[in-house]
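The values are calculated or read from the model by the stated rules, or taken from the named source; none is laboratory data. Only a predicted model underlies this, so the values are computations on that prediction, with no experimental measurement involved. When we count neighbours, we look across all protein chains shown, and the Cβ atoms used for this are built from the backbone with ideal geometry, even at glycine. For the accessible areas, the whole protein counts, side chains as well, though only heavy atoms, and no ligand, DNA or RNA atoms are used. Shrake-Rupley method; radii C 1.70, N 1.55, O 1.52, S 1.80 Å.
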Amino acid sequence: MAARIVLFGATGYTGRLAAEAMVERGLQPVLAARTQAKLDELAAELGGDLETRTADVSDPPSVAALVEPGDVLVTTVGPFAKWGQPAAAAATTKQAHYIDSTERYGPPAQRAGIGMLTAMGYDWVPGNLAGALALDRAGDLATRVDVGYFISGGGARPSGGTQASLVGAIVAPAYGFRDGRVQTERGAKRVRSFRVGSKDLSGISVGSSEHFTLPRIAPRLREVNAYLGWFGPASRAMQLFSACTSVGMKVPGAEKLWTSATDRFVQGSTGGPDAETRAKSGSLIVAIAYDASGRELTKVQLRGVDGYTFTGRMLAWAAERAASGGLKATGALGPVDGFGLEELTAGAAQAGIAEEGGPGSSGSRSNDSVTAGAR
């Protein structure tokens with residue numbers, strides 16, 4: 001019998017997408033959020049006899065009461081850096097598998113004997129998949145992998161939660177995997193471009209789960225780089241802004257003032273693009289593996305639906321797999337070591353993102369020109 005799935009944050013923007021995707025897969029999640037009236041409305045919209053529960057991150061015991069041992073807790077309550085701890089603590093305390101759409105936590109999950117899959121949405125499943133495919137095909141020569149995330153089409157304004165998380169990421173210390181270890185660095189420290197067709201697409205460096213997960217599946221790696229291409233030609237400006245705010249945050253009281261300002265002007269789950277708007281956007285993810293000399297070995301390109309649609313579907317797929325005993329291990333897991341490369345490839349395709357042209361085309365050994373330097 002499959003384990004019970006609890007979706008916390010179900011009435012938020014991403015939560016609703018996940019709930020819809022779960023019901024489409026024939027699942028019966030327990031819908032949990034702060035407000036009973038909104039839960040009742042959502043349950044009625046989804047149809048069926050879905051159980052609802054109220055809980056609030058400001059009351060951690062109410063979150064812990066949502067789950068029992070063996071459950072699968074999926075949370076979309078964000079920004080995760082601010083509100084993620086109660087749900088993660090509930091999962092480890094109650095021995096429930098945990099899935100969210102951002103990244104954090106680890107050793108407590110191993111001690112509890114549960115799987116803790118963080119960043120199981122658009123952040124950062126596609127890059128993990130593309131990177132793993134590139135490394136798998138590159139073989140033992142690969143010592144570096146670069147991943148880039150880009151948006152195709154237009155019209156998809158970031159949701160409130162995404163805006164809040166992005167603003168925080170600009171000023172908060174980030175990280176990268178360099179010289180064989182995770183190192184702290186500021187966000188947007190580096191800019192590089194990826195050649196896709198006849199275009200050079202620019203992105204800023206970001207701290208992502210790939211820095212932790214890809215070295216686990218490819219211990220030979222010495223460097224992992226992840227880039228976010230949402231800003232296009234403005235990537236250089238974002239790099240400068242990051243450098244200035246990094247210096248400014250060292251002034252006493254500056255961090256408190258910044259936090260107060262962003263809390264006021266950048267709200268959390270305030271909604272996002274509707275289905276029609278999302279349909280106008282798409283996703284492009286590029287991963288390139290290099291050898292120790294900097295020579296390109298393999299290049300993989302994934303394309304598909306917009307990030308919000310993918311996140312909802314991916315959370316639903318991962319919850320179903322975890323509930324049916326599909327996890328490969330316990331502790332802090334990435335998408336690949338959590339489900340296996342073949343299984344994840346199939347799951348991502350079901351969620352709407354797949355390799356462009358299939359294996360053997362963009363994922364084969366590549367001679368495409370790429371701006372390989374990061375500046």
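Need the failing condition index for Val6 against (1) closer than 21 Å to Gly325 by Cα; (2) aliphatic (A, V, I, L, M); (3) at pLDDT below 95, just the number.
(3)
Is at least one residue of the stretch 15-29 assigned to a loop (DSSP other than H, G, I, E, B), open to solvent by 80 Å² or more (accessible area, probe 1.4 Å) and more than 21 Å from Gly121 (Cβ to Cβ)?
yes
Modelled with pLDDT of 95 or more and either charged (D, E, K, R) or surrounded by fewer than 17 Cβ atoms within 10 Å (Cβ to Cβ) (or both): which single residue out of Pro215, Pro219 fits that description?
Details: Pro215 fails: either charged (D, E, K, R) or surrounded by fewer than 17 Cβ atoms within 10 Å (Cβ to Cβ) (or both).
Unique residue meeting the criteria: Pro219.
Is it the case, given these coordinates, that Glu320 is among the charged types (D, E, K, R), open to solvent by 20 Å² or more (accessible area, probe 1.4 Å) and within 28 Å of Gly139 (Cα to Cα)? Please lay out each step first, then the result.
Values: among the charged types (D, E, K, R): yes; open to solvent by 20 Å² or more (accessible area, probe 1.4 Å): yes; within 28 Å of Gly139 (Cα to Cα): no.
So Glu320 fails the test.
Does the stretch 41-50 contain at least one residue that is open to solvent by 40 Å² or more (accessible area, probe 1.4 Å), in a loop (DSSP other than H, G, I, E, B), at pLDDT 95 or above and over 18 Å from Thr14 (Cβ atoms)?
no
Looking only at residues that are buried (at least 23 other Cβ atoms within 10 Å of the Cβ) and out of contact with any Ser or Thr (no Cβ under 6 Å at 6 or more places or on another chain) in the stretch 328-346, which one is farthest from Arg25 (Cα to Cα)? So that I can check it myself, show each step before the final result.
Taking the stretch 328-346 and keeping what is buried (at least 23 other Cβ atoms within 10 Å of the Cβ), we get 332-336, 338-339, 344.
Keeping just the survivors that are out of contact with any Ser or Thr (no Cβ under 6 Å at 6 or more places or on another chain) gives 332-333, 335-336, 338-339, 344.
Numbers: Ala332: 26, Leu333: 23, Pro335: 20, Val336: 22, Gly338: 20, Phe339: 18, Leu344: 17 Å.
Ranking the qualifying residues of the stretch 328-346, first place goes to Ala332.
From the list Ala91, Ala64, Ala37, Ala96, which one is at pLDDT 90 or above, open to solvent by 40 Å² or more (accessible area, probe 1.4 Å), of a type in the set (A, V, I, L, M, F, W, C) and over 16 Å from the mean Cα position of the chain (by Cα)?
Working: Ala91 fails: open to solvent by 40 Å² or more (accessible area, probe 1.4 Å); Ala64 fails: open to solvent by 40 Å² or more (accessible area, probe 1.4 Å); Ala96 fails: open to solvent by 40 Å² or more (accessible area, probe 1.4 Å).
Just a single option satisfies the conditions, and that option is Ala37.
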